[in-house]
Amino acid sequence: PQTEDTVTMSVSYSEYQPHVGDQDALKLTVAAAVQETGQVLAKELLVRLHTPELTLTLLGPAVVGQEVPVQVVFQNPLPEPLTGASLRMEGAGISCPKPVSL
């Protein structure tokens, strides 16, 4: 009576990966039933997954009318290799963005 308990559960990437798709969120639902009263309790939680950042660095001076090299750094946080990934840069003055396959 009048006590509280904590239960910890883990969800591995391999369990939720097939269900995430291109979404960056998980919807978790917890349900409990109290045997003595028959009461049912439920709670939902929307968890936003953190996506990795892209880091852009100019590797030379940015001069009007001249090409400027840009370094893009991305770290894959997943326990498996990425396939079919590509990068595409867009911006003012870029007339034809070209995707780079990785």
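Tally Lys and Arg at +1 and Asp and Glu at -1 over the other residues with C-beta under 12 Å from the C-beta of THR29: what net charge comes out? If you can, show how the numbers build up before the last one.
Numbers: positive: LYS27, LYS43; negative: GLU44.
That works out to +1.
Accessible area per residue for the chain in Å², computed with a 1.4 Å probe and the full protein assembly in place, what is it?
Details: 9640 Å² over 102 residues.
So the chain comes to 95 Å² accessible per residue, rounded to a whole number.
Determine the share of the chain's accessible area contributed by carbon and sulfur atoms, expressed in whole percent, with a 1.4 angstrom probe.
In the chain, the share of accessible area belonging to carbon and sulfur is 55 percent.
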Report the rotationally averaged projected area of the stretch 1-99 based on its alpha-carbon convex hull, in square nanometres.
11.4
Helix-only [θ]222 nm of the chain, DSSP H runs n ≥ 4, -39500 (n - 2.57) each, per residue, nearest 500:
-2000 deg cm²/dmol
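So how do HIS19, HIS50 rank on accessible area, 1.4 Å probe, biggest first, that is with the largest at the start? All intermediate terms of the calculation are to be shown ahead of the outcome.
On the way: HIS19 150, HIS50 180 Å².
Descending accessible area places them as HIS50, HIS19.
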Distance between the stretch 29-51 and the stretch 53-91 - C-alpha centres, whole angstrom:
41
With r defined as the distance between the Cβ atoms of MET89 and VAL40 and R0 fixed at 41 Å, what FRET efficiency is calculated, to the nearest 0.05?
0.20
Can you pull out the GluC sites (Glu not before Pro) in the stretch 29-102 whose DSSP state is coil and whose Cβ has at most 16 other Cβ atoms within 10 Å?
GLU36, GLU53, GLU67, GLU90
Restricting to Cα pairs below 8 Å that are 6+ residues apart, what does the relative contact order work out to for the chain? Please round to a whole percent.
15
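The values are calculated or read from the model by the stated rules, or taken from the named source; none is laboratory data. Just so it is clear, the model here is predicted, and its values are computed rather than measured. Using ideal geometry, Cβ is built from the backbone for each residue, glycine included, and neighbour counts are taken over all protein chains shown. Note: areas computed on protein heavy atoms with side chains; ligands, DNA, RNA excluded. Shrake-Rupley method; radii C 1.70, N 1.55, O 1.52, S 1.80 Å.
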